Amino acid sequence: MKLRKIIEETAIEVCKRHSHAQITELHILRALLSKVGTSGTELTIKSIDKELDKIPVVRNAPLSISQGATNILNELDVRDPVEVRDAVIDFIFNPQDSDEDDPDVPLDKNDRPKNDSPGKPIQPKKPQVKKSNPQGGKSESLDDVLAELNALIGLDKAKQQVNALIALHRANTVLAQQNRSAVPVGLHLVFTGNPGTGKTTVARLIGRLYKAIGLLHGGQLIEVDRSQLVAGYVGQTAIRTQEAINSADGGVLFIDEAYSLASDSGSNNGFGDEAISTLVKAMEDKRDSLAIVVAGYSKDMDEFIKSNQGLKSRFQTFIEFEDYDTEDLIKIFKLISSATPVVVTSEVEQALREYIIDFKPQGEDGNGRFARNLFEKMFMNLTTRAMADGTIEPHELEAFKVEDVPQMPNEPKDNQDKPKFGFA
């Protein structure tokens, strides 16, 4: 974990422990001393705690952060933490005396030298988000990107829905070119389905498709989750969320497990509502330059959309990602294998088919991760078998054998004659 994040979380704990309403420079210093140490200073953590005890106690107040404290956290991204610690100590405990005899030192309203003030407020840095640029910014044809979409393994229902959506946008583009009224349809989408069913991959393609049509000028994908949008104190969540929105402007902002933003709705301990409100505003203000795609489990996403009337009115299109079936999982397995020297023979493929049918993967198991985990398990079985004689020869790693396919665990069958107790 980055030091900045550690210091921030420690300062929040210190502030809550003292029942303070705002994180100040003193709270950040207390966190710095506990993590960086007190060596080279005349301060102790106990002495800082005494100073913190002088701050008025505020019960059950929402937590905020001062601009000075934010500035210090920003400095931790670019400066040595010991230097930052010493600078904070000087700022709090050793302020420079104003030199009235020196006309070159301008004074502020408090007759304090301006060069001893925190300086111009610095906005918090952008959240660390995953960014994907479509094809290095190259111009792509719509047909080429659609062909890439339709070549994906499985996802038949999702691909049909995306093709229908793109056809509608394409028709609207033609109508607009003829100065005719278009059918109103938003760019924002809801992806529903289990993890590992290709939602991020399709979201990335959505950005490229929108760009190819001319709906978005960038087409990039910015991927975030709750932890990158929600802060631990008042005011900062909106800033983090807006930074992500600005980064995605011209492309797609993809929010995975978006339902978690509504998990603390109305709670004093979370600020998901603040993120949602910022997103809703951006969906309207940037409706022609930004596509927001939210993703998660079907039931959870339904509850998420219902949690805010603004979300309900702005998300018009839901795209469902079904679990992969047996043949899809085998295709994914063979695709993974094709990137390695290990061959999948027809006999092994049939054994895989029988194993998957017996396993009946569904829910979180019915996805691409199941195929990858299965490949890794089989490769471990292969290498264990090859190492049985104490050495591994290269030819022993060329192909799977049927015995490398995992065995289904023997599940005891219910005794029909035995009385059943408990709840069904």
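Bear in mind that the values in this text are calculations on the coordinates, not laboratory data. Since this is a predicted model, take the numbers as computed values, not measurements. Cβ: placed from backbone, ideal geometry, glycine included. Neighbour counts: every protein chain shown.
Brief remarks on what is shown
- Pairs from the list 157/199; 157/281; 199/306; 5/35; 2/46; 281/306 with a Cα-Cα gap above 19 Å: 157/281; 199/306; 2/46.
- Taking the inverse of the mean reciprocal distance over all distinct Cα pairs, the Kirkwood hydrodynamic radius of segment 133-238 comes to 15.6 Å.
- The eigenvalues of the Cα gyration tensor, multiplied by 5 and square-rooted, give segment 296-372 an equivalent ellipsoid with semi-axes of 37, 13, 8 Å from largest to smallest.
- Sum of side-chain charges, residue 258 neighbourhood, beta-carbon under 10 Å (Lys, Arg +1; Asp, Glu -1): -3
- Ratio Rg/Rh, restricted to segment 1-69 and using Cα atoms, in which Rh is the Kirkwood radius: 0.96
- Summary of the geometry: segment 53-88 and segment 160-207, compared by the centres of their Cα atoms, lie 44 Å apart.
- Cα pair distances exceeding 16 angstrom across segment 238-318, given as percent: 48 percent
- Centre separation in Å (Cα based) which lies between segment 367-388 and segment 5-51: 49 Å
- What the Cα convex hull of segment 322-411 gives, in volume per residue, is 97 Å³.
- Convex hull volume of segment 206-357 per residue (C-alpha atoms, cubic angstrom): 161 Å³
- In terms of overall dimensions, segment 192-233 has a Cα radius of gyration and Dmax of 13.4, 41 angstrom.
- With 10 Å bins beginning at zero, the pair-distance distribution over Cα atoms of segment 221-263 amounts to 30, 56, 14 %.
- Within the shell of other residues whose beta carbon sits under 15 angstrom from the beta carbon of residue 314, the net charge comes to +2, with Lys and Arg scored +1 and Asp and Glu -1.
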